[in-house]
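**Student:** Below you will find the structure I want to go over with you.
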Amino acid sequence: MGAALSGPQTEGAYRKDGKLENIWDTWSDCSISDFYNKVGSYTGNDFYEKYEEDIRLFKSLGLDSFRTSIQWSRLLGQDEKLNEKGADFYHRICACAKKHEIELFMNLYHFDMPTYLFQRGGWENREVVEAYAVYARTAFREFGKEIRYWFTFNEPIVEPDQRYRTGMWYPFIKDAKRGMNVQYHISLAHCLAVWEFRKAKEEGYLLPDAQIGLINCFAPPYTREDPTPEDLEAVRMEDGLRNRWWLDLVTKGKLPEDVLETLKKCQLEPDVRPGDEEILHQGMVDWLGFNYYHPARVQAPKEKTDENGFLKFSDPYVWPEAKMNIYRGWEIYPKGIYDFGMKMKEEYPDLKFFISENGMGVEHEGRFRDASGEIQDDYRIEFVQEHLEWVLKAIQEGAQCMGYHYWGLIDNWSWNNAFKNRYGMIEVELMNNYQRKLKKSAKWIQELIRLREKKPIEETMVSK
Ligand code: IFM
């Protein structure tokens with residue numbers, strides 16, 4: 001049981017100690033009104049200053065692990081040399097986690113491209129893929145004896161989607177073809193990093209039991225009842241592009257052929273070059289992180305093509321019985337976690353996984369404060385409890401699920417939504433020097449963990 005965070009959403013200190021500008025700082029600088037309440041990337045939740053307090057808090061709640069990410073823009077300078085002060089910050093985090101006997105999971109990339117590399121084409125440019133491999137190599141060698149659990153990417157599907165296909169995020173591109181290349185290049189970058197990891201291990205830079213993984217938001221796809229063949233085709237491609245793409249890569253070292261064939265037929269195939277096959281083959285991991293918030297409900301597309309003339313694979317399908325998190329616009333469907341667990345058991349039985357993110361973001365949480373000032377977030381307790389019950393069922397039925405990390409245990413900066421939706425079980429008071437304060441759910445999870453140590457998990461989980 002642990003917590004998930006990321007560097008760019010928590011650290012702040014955006015120009016401190018030699019940190020370079022990243023793509024979020026650039027977007028904040030050029031259009032601050034795009035960010036909720038005009039809160040840009042600059043301060044995170046002050047983790048740079050408060051990491052010791054935060055790690056102590058995790059420990060006091062009984063958590064055994066937490067994830068954050070190294071910011072590429074903090075670790076390396078433009079010359080690709082180590083930024084000593086940046087490295088020192090991450091060494092201090094490692095030492096603090098060790099002191100409090102809490103396992104640190106370290107991710108290398110969380111949507112945070114350094115701006116100078118973005119200006120060279122970002123993930124559209126193969127040189128950036130190579131630069132990422134250099135960055136990963138440097139991180140493995142620098143922190144190899146301090147970190148056991150490594151991850152190459154968090155949600156590698158998100159940047160192709162948000163920056164290049166839907167154009168919701170800076171630089172607001174809507175081009176399915178460019179999006180496919182970005183997705184493909186990120187896949188190659190993942191593989192090169194895994195290769196660097198294996199090499200670093202052979203050369204003795206890593207802990208002997210170090211592991212490497214990938215984390216993605218594998219939203220299980222569903223369609224309408226009584227689907228047409230076209231609806232099923234929409235599910236095949238939704239699953240193919242967003243889930244099987246990564247699952248095949250990390251278990252078989254190749255991309256799903258049916259998906260590549262379909263992409264070829266509609267001129268959306270990525271720019272595959274000689275030698276890529278060998279690179280892809282390096283992509284197999286030791287385990288996987290599954291971020292789960294909502295299912296993907298799709299149906300056959302109404303229009304055949306999008307506004308740029310590229311073939312559309314699906315339209316959203318609104319399930320009439322859907323229960324919504326209205327603040328985030330995401331469906332709450334706890335059973336999806338179990339369905340994914342069963343899919344893993346059937347289709348990728350050798351790969352262990354853990355729930356690497358799951359959580360509920362809610363707006364204006366101040367209205368749920370009681371007389372003592374504590375936020376009574378019973379909705380969050382219900383959300384986590386229901387999801388954990390499905391995790392338990394999946395484990396009981398044979399899924400190799402190793403654990404659960406709650407996303408955003410401490411309120412954090414959520415991209416252009418900034419602090420609009422609060423995810424934390426720990427509140428951050430923005431107007432009071434980012435002070436931390438437990439919400440009701442923090443006490444609930446503390447008690448859950450305490451009981452779990454004493455009783456069989458089944459009894460702990462029964463709703464009272
Ligand atoms: O804040 C994000 C995180 O960066 C990736 N997963 C989803 C979270 C909530 O929106």
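**Student:** What list of ³J(HN,Hα) values in whole Hz, one per residue of the range 40-46 in order, does the Karplus curve 6.51 cos²θ - 1.76 cosθ + 1.60 (θ = phi - 60°) give from phi, with Gly and Pro shown as x?
**Tutor:** Each residue's phi maps through the Karplus curve to give x, 6, 5, 10, x, 10, 6 Hz.
**Student:** Quick one: which residues, 5 or more positions from Trp413 or on another chain, have an amide H under 5 Å from its amide H? H modelled 1.01 Å from N in the peptide plane, none for Pro or chain starts.
**Tutor:** Distant-sequence amide H within range of Trp413: Asn45.
**Student:** What chymotrypsin sites (Phe, Trp or Tyr not before Pro) does the range 346-389 have in DSSP loop regions with at most 13 other beta carbons within 10 Å?
**Tutor:** Values: sites: Phe353, Phe354, Phe368, Tyr379, Phe383; in loops: none.
Passing both the DSSP loop test and the Cβ count: no residue.
**Student:** Another question, if that's okay. Mind jotting down the distance between the C-alpha centroids of the range 155-182 and the range 108-152, whole Å?
**Tutor:** 19 Å
**Student:** Based on DSSP H runs of at least 4 residues, each adding -39500 (n - 2.57), what is the mean residue ellipticity at 222 nm of the chain after dividing by all its residues, to the nearest 500 deg cm²/dmol?
**Tutor:** -12000 deg cm²/dmol
**Student:** Report, by chain and number, residues whose modeled amide H sits under 5 Å from the one on Gln299, excluding near sequence neighbours (fewer than 5 apart, same chain).
**Tutor:** Under 5 Å from the amide H of Gln299: Asp315, Tyr317.
**Student:** Name the GluC sites (Glu not before Pro) in the range 52-128 that are in a loop by DSSP and that have at most 13 other C-beta atoms within 10 Å, would you?
**Tutor:** On the way: sites: Glu52, Glu53, Glu80, Glu84, Glu101, Glu103, Glu124, Glu127; in loops: Glu80, Glu101.
Hits after loop and neighbour filter: Glu80, Glu101.
**Student:** What distance in nm separates the two pseudo spin-label positions at Lys264 and Glu386, each 7 Å out from Cα along the beta-carbon direction?
**Tutor:** Taking the two extended label points, one gets 4.4 nm.
**Student:** Over the residues of the range 281-435, compute the C-alpha Rg and express it relative to 2.2 N^0.38 Å.
**Tutor:** Compactness ratio reported: 1.24.
**Student:** Treating only the Cβ of Lys, Arg, Asp and Glu as charged (+1, +1, -1, -1), what charge dipole size does the range 318-464 show about its Cα centre? Round to the nearest 20 debye. Write out the running numbers ahead of the final one.
**Tutor:** Numbers: 22 positive and 24 negative charges, 81 e Å.
The calculated dipole for the range 318-464 is roughly 380 debye.
**Student:** Using just the Cα positions, wrap the range 77-212 in a convex hull and report its mean projected area in square nanometres, one decimal place. Show your work: numbers first, answer last.
**Tutor:** Values: hull surface 33.5 nm².
With the hull built on Cα positions only, its mean projection is 8.4 nm².
**Student:** So if I take the centroid of the Cα atoms in the range 220-250 and the same for the range 287-307, what is the distance between those two points in Å?
**Tutor:** Value for the Cα centre distance between the two parts: 8 Å.
**Student:** Here is a further query. Run the dipole for the chain about the Cα centre, Lys and Arg Cβ at +1, Asp and Glu Cβ at -1, nothing else charged, and hand back the magnitude in debye, nearest 20. The partial results should precede the final answer.
**Tutor:** Working: 63 positive and 77 negative charges, 175 e Å.
Taking the Cα centre of the chain as origin, the dipole is about 840 debye.
**Student:** Then there's this: Which of the aspartates and glutamates could a cross-linker bridge to Lys393, judged by Cα under 15 Å and excluding same-chain residues fewer than eight apart?
**Tutor:** Once the sequence-local aspartates and glutamates are set aside, what remains near Lys393 is Asp339, Glu458, Glu459.
**Student:** On to the next question. What are the ³J(HN,Hα) couplings of the range 314-331, residue after residue, when phi is run through the Karplus curve with 6.51, -1.76, 1.60 and θ = phi - 60°? Round to Hz, x for glycine and proline.
**Tutor:** Working through the residues one at a time gives 7, 10, x, 10, 8, 6, x, 8, 4, 9, 10, 8, 5, 6, 9, x, 10, 6 Hz.
**Student:** Let me ask something else. Taking the DSSP beta bridges in the chain as the whole, what percent of them are antiparallel, to the nearest 5?
**Tutor:** Numbers: 14 of 46 bridges.
Taking every DSSP beta bridge within the chain, about 30 percent pair in antiparallel fashion.
**Student:** Do you know the relative contact order of the range 118-270, to the nearest whole percent, from alpha carbon pairs under 8 angstrom that are 6+ apart? Spell out each step's value before the answer.
**Tutor:** On the way: 178 pairs, mean separation 40.6, N = 153.
Computed value for the range 118-270: 27 percent relative contact order.
**Student:** Here is a further query. For Lys420, go through the aspartates and glutamates and keep the ones whose alpha-carbon is under 15 Å away, minus same-chain ones fewer than eight residues off.
**Tutor:** The qualifying aspartates and glutamates are Asp34, Glu363, Glu365, Asp411, Glu429.
**Student:** What is the range 357-460 by shape, rounded, prolate or oblate, if you read a ≥ b ≥ c off the alpha carbon gyration tensor as root eigenvalues and call it rounded for a/c under 1.5, prolate for a/b larger than b/c, and oblate otherwise? Spell out each step's value before the answer.
**Tutor:** Working: a/c = 2.50, a/b = 1.72, b/c = 1.45.
Judged from the Cα gyration tensor, the range 357-460 comes out prolate (a/c at least 1.5, a/b above b/c).
**Student:** List, in the order given, every pair from Lys264/Lys345; Lys335/Lys440; Lys323/Lys455; Lys16/Lys81; Lys252/Lys343; Lys199/Lys345 whose Cα-Cα distance in the structure shown is over 20 Å. Walk me through the numbers on the way to the answer.
**Tutor:** Numbers: Lys264/Lys345 30 Å; Lys335/Lys440 25 Å; Lys323/Lys455 32 Å; Lys16/Lys81 17 Å; Lys252/Lys343 16 Å; Lys199/Lys345 30 Å.
Violating the 20 Å Cα-Cα cut-off are Lys264/Lys345; Lys335/Lys440; Lys323/Lys455; Lys199/Lys345.
**Student:** What number, in percent, do you get for the relative contact order of the chain if the mean sequence gap of Cα pairs under 8 Å and at least 6 apart is divided by its residue count?
**Tutor:** On the way: 891 pairs, mean separation 72.1, N = 464.
Rounded, it is 16 percent for the chain.
**Student:** Starting with the highest mean, order 316-323, 205-212, 20-27 by the number of other Cβ atoms within 10 Å, averaged over the residues of each peptide.
**Tutor:** On the way: 316-323: 11.1, 205-212: 16.4, 20-27: 21.6.
The most tightly packed comes first, giving 20-27, 205-212, 316-323.
**Student:** If you don't mind, another one. Take Ser31 and Glu203, extend 7 Å from each Cα along the Cα→Cβ direction, and tell me the distance between the two endpoints in nm.
**Tutor:** 4.2 nm
**Student:** Using a Cα-Cα cut-off of under 19 Å, which aspartates and glutamates could be cross-linked to Lys454, ignoring same-chain neighbours fewer than 8 residues away?
**Tutor:** The reachable aspartates and glutamates, counting only those whose Cα sits under 19 Å from Lys454, are Asp64, Glu389.
**Student:** Now, a different point. Hey, if you drop one equal point scatterer on each alpha-carbon of the range 23-95 and run the Debye formula without solvent, what base-10 log of I(q)/I(0) do you get at q = 0.24 Å⁻¹?
**Tutor:** -1.10
**Student:** Sticking with this structure for a sec: Would you tally the net charge around Gly179, using a Cβ to Cβ cut-off of less than 14 Å, leaving Gly179 out, and scoring K and R as +1, D and E as -1? Mind showing how you got there, number by number?
**Tutor:** Numbers: positive: Arg163, Arg165, Lys174, Lys177, Arg178, Arg242, Lys312; negative: Glu124, Glu159, Asp161, Asp175, Glu269, Asp271, Asp306, Glu307.
With Lys, Arg at +1 and Asp, Glu at -1, the neighbours total -1.
**Student:** Defining a contact as two alpha carbons under 8 Å apart and six or more residues distant in sequence, what relative contact order in percent does the range 344-461 show? Intermediate values should be presented prior to the final figure.
**Tutor:** Values: 154 pairs, mean separation 34.0, N = 118.
Normalised by residue count, the contact order of the range 344-461 is 29 percent.
**Student:** I've got another one for you. Using amide H atoms built 1.01 Å from N in the peptide plane, name the residues 5+ places from Leu76, or on other chains, whose amide H lies under 5 Å from its own.
**Tutor:** Residues meeting the criterion, in which the H sits 1.01 Å from N, are Asn83.
**Student:** Rounded to the nearest 5, what % of DSSP beta bridges with both residues in the range 334-464 are antiparallel?
**Tutor:** For the range 334-464, the DSSP antiparallel bridge percentage is about 70.
**Student:** What Kirkwood hydrodynamic radius do you get for the chain when you take the inverse of the mean 1/r over all pairs of distinct Cα atoms, in Å?
**Tutor:** Numbers: mean 1/r = 0.0441 Å⁻¹.
Value: 22.7 Å, from the Cα pair sum.
**Student:** Further question on the same structure: Quick check: from the Cα gyration tensor, does the range 193-333 come out rounded (a/c under 1.5), prolate or oblate?
**Tutor:** Working: a/c = 2.98, a/b = 1.54, b/c = 1.94.
Oblate.
Quick note: the coordinates plus some simple rules give every number you see, no bench work behind them. Bear in mind that the values here come from a model prediction, so they are computed numbers and not experimental data. With ideal geometry, Cβ positions are generated from the backbone for all residues, glycine too; neighbour counts draw on all protein chains shown.
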